[in-house]
1. What ranking do 120-127, 169-176 get when scored by the average of other Cβ atoms within 10 Å per residue, highest first?
2. Given bins 5 angstrom wide, list per bin the percent of all Cα-Cα distances in the chain, short to long.
3. What order, most packed first, do the peptides 78-87, 10-19 have when packing is the mean number of other Cβ atoms within 10 Å of each residue?
4. Membrane-span-like helices in the chain: DSSP H runs reaching 20 Å or more (Cα, own axis), mean Kyte hydropathy at least -1.0?
5. Could you give the dipole magnitude of the range 67-215 about its Cα centre, charging the beta-carbon of Lys and Arg +1 and that of Asp and Glu -1, in debye to the nearest 20?
6. Pull up the cross-link candidates among the aspartates and glutamates for Lys172, meaning alpha carbon to alpha carbon under 19 Å and not fewer than 8 places away within one chain.
7. Find the percent of Cα-Cα distances in the range 16-140 that exceed 26 Å, and round it to a whole number.
8. Distance between the C-alpha centers of the range 160-211 and the range 1-51? Whole Å please.
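Every read-out reported here was derived from the displayed coordinates using simple, explicitly stated rules and does not represent laboratory data. Remember, predicted model here, so these are calculated numbers, not experimental data. Positions of Cβ are backbone-derived with ideal geometry, glycine not excepted, and every protein chain shown enters the neighbour counts.
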Amino acid sequence: MDITLLAVSKTRPARDVVTAALAGQRDFGENYAQEGADKILALRALAQQGALPENAALIWHFIGPLQSNKTRLVAEQFDWAHSIERLKIAERLSAQRPAQLPPLQVCVQVNVSGEASKSGCPPQEALDLCLAVASLPRLKLRGLMCIPAPAHDFAAQCRPFLQLWQRFMEIKTRCPELDTLSMGMSDDLEAAVQSGGTLVRVGSAIFGQRESGKK
Ligand SMILES: *Cc1c(COP(=O)(O)O)cnc(C)c1O
């Protein structure tokens, strides 16, 4: 199966995205809506000035926590949003997605680490949220996403990923269009791929360590 590599360019300047795009990278991930939107516009301008090959259409993924007051930026500028954890946010994204753009591609974020993490919907609510999101007109449900608590040995890294994979297979019986399991970052991407992940989100292993304090 193909694995999509998402290059997480948060905190990196637009020129780093250009460098990666010239090397053939197409999918980029951002955590902060305003920073991401600014970078998307900067990259569009650079592409118009000929800094990128004409066929290098970049695909922008929003992967950070999504607050109500940031949904419009995401709906208007991004191609994907991975961090849907509440129906209200999904409804806003659908309502705000401009008519001339294709539907926003989305993943439902699931909290597979219980107490250790506050983000994501509880696993037992993921099916209902997926069904509701799938019915929104301007969103296209693609899959599930998780950010487990950091773990250092391989087996411990696989455990939450396998849980999410199992949930994914269950939900897929009701939502057959699901094709994306967004899991794995620089430190646990091998475990994620081994556990059925289809998209890994890699920042520091591509661009180097971020400045300390910037998550
Ligand atoms: C920052 C971030 C990543 C990338 O993290 P690295 O450890 O730098 O690979 C992936 N996913 C999310 C949601 C992130 O916030």
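1. On the way: 120-127: 17.1, 169-176: 13.5.
Sorting 120-127, 169-176 by mean packing, highest first, produces 120-127, 169-176.
2. 1, 7, 16, 19, 20, 17, 12, 6, 2, 0
3. Highest to lowest by the protection proxy: 78-87, 10-19.
4. Values: long enough: 33-48 (22 Å, 0.13); 154-172 (26 Å, -0.05).
Long hydrophobic helices here: 33-48, 154-172.
5. Roughly 520 debye, rounded to the nearest 20.
6. Asp2, Glu85, Glu125, Asp128
7. Of all Cα-Cα distances in the range 16-140, 26 percent exceed 26 Å.
8. About 20 Å separates the Cα centre of the range 160-211 from the one of the range 1-51.
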